[in-house]
Amino acid sequence: MLKFKLLKQSNGKKDFEKSQARIGTITTDHGIIDTPIFMPVGTLGCVKAMSREDLNLCKAQIILGNTYHLYLRPGCEVIEHMAGLHEFIRWNKPLLTDSGGFQFFSLAKLAKFTDEGVSFQSHIDGSRHFFSPEKAVEIQMILGSDIMMSLDWCMGYPASEKQAMDALNKTSMWAKRGFDFWKEKGGVNNLFGIVQGGMLKHLRSLSAEQLTRIDFPGFAIGGLSVGEPKDLMYEMADHTLPLLPVNKPRYIMGVGTPEDLVELVGMGCDMFDCVMPSRNARNGQLFTTFGTVNISNAQYRFDKAPIDTDCDCYTCRNYSRSYLRHLYKSRELLAYRLNTIHNLYYYLDLMGKMRDAIKKGRFLEFKKNFYSKRK
């Protein structure tokens, strides 16, 4: 079972009443996770362009897979035959799996939400399927992930109060059903509840109140970064995080940019995931201490410098901007690997530096320095 230990929360003279940043540890069957942490997204059991060794070089502590995608391909029967997702992908550290709620919002054709669950059409072959909250948990138990997510209804932006309320009600009902099923099956691994409520504070409060009545090992905030303005996302996160138990992990799903991570860590969030570092890497956008680099730009054609002189990743230690530009412009496969290594290392190193700053009581000093370097 998951154990969360809160080690320190910002409370020094410089941070007093200005930061809720905190550090802790999450203990799972497959290892200990230092928080706050960023989780690379490996939707299909693979972080695109990355090997297990590459992930270890980037100091990844946990990666994320997706129930919807893995259920459709390769299928539960394959993963069960291979003794679970850890063994299938040869990853011996913690794994988190999402329930598929976001995919019903973003990918599935003709998804229909009822009290019983979600019926949907596969984006691969058009075949029809159905997820109940119990089935979403059952599939994740087959996958064997260390942290499983409850089935939820993720609303896009904008959404009316009626739509947000309907999604909230179903999410809360499904959370209780999924939790009861999970406990009935022995409570193996760990199941998190997901707060919804759209962009309305009173609905976020109601969702958090309903979910925290259930003794989930951890809680997530869903339905953010779905098209809303940045300041509204921060407002919803800042409102919702304090409503979640202090003694359990807090996870904001699908967020975000380096700036998002710094802001949300300061609000007290422990866990993050986002496709941005790997997806942007494949599009030639590289994250650095001074901002984002578009490696295809002509200014890098003769540039002998690494992507970021402050970065110690494998890519920066071995290759120039000139060579990386050449690989990317030539569409060489190596470009995707080297770019992804850099971006994921940058994200995970950023989290490590924030943990160190919080430990030393210097988070606000770190935050000020972080922004001062960016162009």
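The values are calculated or read from the model by the stated rules, or taken from the named source; none is laboratory data. The structure presented is a predicted model; accordingly, all values stated were derived computationally and were not measured. Cβ coordinates were reconstructed from backbone atoms using ideal geometry, including for glycine residues, and neighbour counts include every protein chain displayed.
Numbers for the structure displayed
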quantity	calculated
Residue list for segment 214-272, filter: aliphatic (A, V, I, L, M) and in a strand (DSSP E or B)	Ala220, Ile221, Ile252, Val255, Met271
Residue satisfying condition, being in the same structural domain as Thr43 (by TED's automatic domain parsing) and in contact (Cβ under 8 Å) with a residue 40 or more places away in the chain, within set Asp125, Asp115	Asp115
Segment 273-300, residues that are closer than 15 Å to Ala335 by Cβ, touching a residue at least 12 places away in the same chain (Cβ under 8 Å), more than 19 Å from the chain's Cα centre (by Cα) and not in a strand (DSSP E or B)	Gly284, Ile295, Ser296, Asn297, Tyr300
Meets criteria (under 24 Å from Gln20 (Cβ atoms) and either crowded, with 21+ Cβ neighbours inside 10 Å or β-branched (Val, Ile, Thr) (or both)) for Pro245	no
Which listed residue is in a helix (DSSP H, G or I), of a type outside the set (A, V, I, L, M), out of contact with any Gly (no Cβ under 7 Å at 6 or more places or on another chain) and in contact (Cβ under 8 Å) with a residue 12 or more places away in the chain, from Arg337, Arg317	Arg337
Filter pass, Ile79 being surrounded by 15 or more Cβ atoms within 10 Å (Cβ to Cβ), touching a Gly at 6+ places or on another chain (Cβ under 7 Å) and either among the hydroxyl-bearing types (Ser, Thr, Tyr) or over 22 Å from Phe179 (Cα atoms) (or both)	no
Selection status of Arg321, among the basic types (Lys, Arg) and crowded, with 20+ Cβ neighbours inside 10 Å	yes
Residue in segment 53-62 that is in contact with a Gly (Cβ under 6 Å, 6 or more places away or on another chain), assigned by TED's automatic domain parsing to the domain that holds Gly186 and of a type outside the set (Phe, Trp, Tyr) present	no
Residue satisfying all of: in segment 104-162; among the small types (Gly, Ala, Ser) and out of contact with any strand residue (DSSP E or B) (no Cβ under 9 Å at 6 or more places or on another chain); farthest from Gly65 (Cα to Cα) among these	Ser160
